[in-house]
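What follows is calculated from the coordinates using simple rules that are stated; it is not laboratory data. Because the structure is predicted, anything quoted here is derived from the model rather than measured. Neighbour counts are summed over all protein chains in view; Cβ atoms, including those assigned to glycine, are modelled from backbone coordinates with ideal geometry.
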Amino acid sequence: MNVCVIGAGSSGIAACQVLKARGIPFQCFEKGSGVGGNWRYGNDNGMSAAYKSLHINTHRDLNTYATLPMPSEYADFPHHTEMQEYFETFVEHFGLAEHIAFRTEVTAVAPSPDGRWEVTTEPGGTRTFDAVLVANGHHWNPKLPDFPGEFDGETTHAHDYRSPEDYEDKDVLVIGFGNSAVDIAVETSRVSRMTYLSVRRGAHVVPKYLRGEPLSKPPEGIAKKLPQRVQLALITRLIKRETGPMENYGLPTPDHKFGHAHPTVSNELLGRIGHGRIRPRPNVERLEGDHVRFVDGTTQHIDRIVYATGYRITFPFLSEDLLPVRENRVSLFKKVVPPDLPGLYFLGLVQPLGALPPIAEAQAEWIADLLQQRAALPSPDEMRASIEEDRRAIEKRYVDSTRHTIQVDFFPYLKEIARERSRNRPVTEGKN
């Protein structure tokens, strides 16, 4: 058994730790010169979207690996420097660096005639592996809207935004309403002439703290035992008491319940709107030179546009015929296994209402079970039926957006993976 891991971000290093602990030979390939992936500020692999002021939006205790807890002295919501330090400590603690080939890009992954996988790297050439674990991330290939007209000013995508220095005394338009959009709008509003926030659809703006407690801290005691729908109902009530209606701030009323779309987390946005430093605007209709026309008929002079409009899920080393991706939809059983491609697995390809590292760690444990035949997969037909059922459930619950195609609930999803790990496990093994 010989396994290839693609990427040394938070998901890739979780896979490396599990494989090493299980005694499964592996080689990890990382395009950049260090670990950390998206959290490595200025990552020379060109794939990091981290900006200078970036903090994680979920609590420290939710982001920790089970095998090496995050230090308690870290901030409740760690800065990217703390996240990077944590990942480097993780790699050093488990002795993983010797298994990672840095500055090595995977350029092609294809089935080999003997049923294994041929992996081509630059530099390095082609090697054959029994299994490939893909952990290349999904926040690196920017998605840009196609508005009619032309814009004379400067544009950038949130992926390439780093700091507000070039936005002083400018009329800035941030397009989007996710976490990055709001962070960038708040930050530029401190130096711009005015920052405008173009919002296509309403969202629930969630503070990081409620009544002095981090909202995303893992529940304890009775709260931990409550069904998720009850937890969501209680959180919704508390948030509404804290913020009031979104329309009070000039923002559109959310057309969905809390938990039916990825929330927007910010302690500062509503205050900056109240101070008159951020002005909400509806969706863009067209670009008109140094002005932007919005769908309500109003126009506004704009010097710089930041498109915080999401990302395309992309696997440049995989043939589109091998694994089609349509509108960010990838047909994977439990977001990990393609039914018709034995030996190919995906880690971290989820958008959790929660944190990614523990999910990637759980996925890696399940994959290791499968590789060592400690667990089994359903038949391909059963997996395809499950994928379709999951797709219908997502479309029924979440608003229609490419952002939600890989959405999962943190604790319920971890339970799903735990159930899969016990599938067809021998009774004797389960007692050990």
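Please figure out what share of the DSSP beta bridges in the range 149-307 is antiparallel and state it in percent, rounded to the nearest 5.
30
In the structure displayed, which of K208/K240; K52/K240; K335/K396; K257/K396; K208/K415; K20/K217 lie more than 20 Å apart, Cα to Cα?
Checking Cα-Cα distances, K52/K240; K208/K415; K20/K217 exceed 20 Å.
So in the chain, what percent of DSSP beta bridges are antiparallel if you round to the nearest 5?
Of those bridges, close to 40 percent are antiparallel.
Report, by chain and number, residues whose modeled amide H sits under 5 Å from the one on L356, excluding near sequence neighbours (fewer than 5 apart, same chain).
none
If contacts are Cα pairs under 8 angstrom and at least 6 residues apart, what is the relative contact order of the chain in percent?
This gives 19 percent for the chain.
Using alpha carbons only, how many angstrom separate the centre of the range 112-139 from the centre of the range 269-294?
Using only Cα atoms, the two centres lie 45 Å from each other.
Quick check on packing: order 155-164, 113-122, 301-310 by the mean number of other C-beta atoms within 10 Å, highest mean leading.
Highest mean packing first, the order is 301-310, 155-164, 113-122.
For the chain, what is the mean residue ellipticity at 222 nm derived from helices alone (per DSSP H run of n ≥ 4: -39500 (n - 2.57); sum divided by total residues; nearest 500 deg cm²/dmol)?
-8000 deg cm²/dmol
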